[in-house]
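Notes to accompany the following structure.
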Amino acid sequence: MIHSMTGFGRHIEHLGTEKITVEFKSLNSKNLDLNLRLPQTLRAHEIDFRKKIAEQLTRGKVEAYIYIESETVRTPAQINEPVVSEYLRQIKNFAEGDDLAALALALKMPESLTQEKQEADENQIRSVNTALDNALEALISFRKQEGEQLMLDIQSRIDLIAKHLEEVLALDEKRREGVRSRLEQAVAQLKESVDENRFEQELIYYLEKYDITEEKVRLKNHLSYFLKTATESEAPGKKLGFIAQEIGREINTIGSKANDASIQREVVQMKDELEKIKEQLLNVL
């Protein structure tokens, strides 16, 4: 069953006073184009996260976000009191003035502030992976639902192409009769004796040259194969694109060989439906 490449998935995990959020947004792309944004504390595990995502999402332009937020008020950095005190002492030895101004200057000096931890602990990593798994599951579920809607639209258009092909089959019988009749009339107007055997040979050659029987059979088979691939294959988007190209070739050949206005109208309708299918296939996984 086909899946769409468009989707959204989000999951939140709570770890103590921290809220871990993982969010995915996905659009269509020929291959997997992953943009992963995560906090500095998780940088050491970025390769593992990318591998996990790539195993689940084979195609699509994917924006992935991992946030870690504290649900309590806390400062991102702490004042290193011994260092700041020493800076203040030295500043006051050189000049007298406003204490706040001196403090502002001291806080700009090296090592005046101590930063939070630079790496996540095991509990955080475990919670991030849980959130990642659930967000991926939500995204895949979204893609599946979108794929079901795509399939309904694509199948309806395949059915329309098949319907127009049936019209072509009916019109082709009349076309062949018309070709024979026009040739016979043309020969009669020559008012000359014609070798009947030679005439039949030339007529057969002419009819075979414009015969579209093989194209009609192949087109019907391609339509059936398209639906079978869409319902039975995993991630069939690229394969369906190739089959759609073959469908287009048979439709074009029918149009060029038929040399009939009524059949040409049906061909135009088939081409129109096929183009709409190709547009939908751009978003099929």
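Structure data summary
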quantity: Candidate lysines - alpha carbon under 22 Å from Lys108, same-chain residues fewer than 8 apart omitted; calculated: Lys92, Lys117
quantity: Members of Lys25/Lys52; Lys216/Lys276; Lys19/Lys52; Lys238/Lys276; Lys174/Lys220 lying beyond 18 Å, as alpha-carbon distances in this model show; calculated: Lys216/Lys276; Lys19/Lys52; Lys174/Lys220
quantity: Protection proxy ranking, peptides 119-126, 57-64, average beta carbon neighbours within 10 Å, highest first; calculated: 57-64, 119-126
quantity: Neighbour net charge for Asp33 - beta-carbon separation under 11 angstrom, K R +1, D E -1; calculated: +2
quantity: Reachable aspartates and glutamates from Lys271, criterion Cα separation under 17 angstrom, eight or more residues apart if same chain; calculated: Asp153, Asp159, Glu166, Glu167, Glu215, Glu246, Glu250, Asp260, Glu279
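Values quoted throughout were computed directly from the atomic coordinates according to the rules given, and no laboratory measurement underlies them. The model shown is predicted, which means the values in this text are computed figures rather than measured ones. Heads up, the Cβs are rebuilt from the backbone with ideal geometry, glycines too, and the neighbour counts pull from every protein chain shown.
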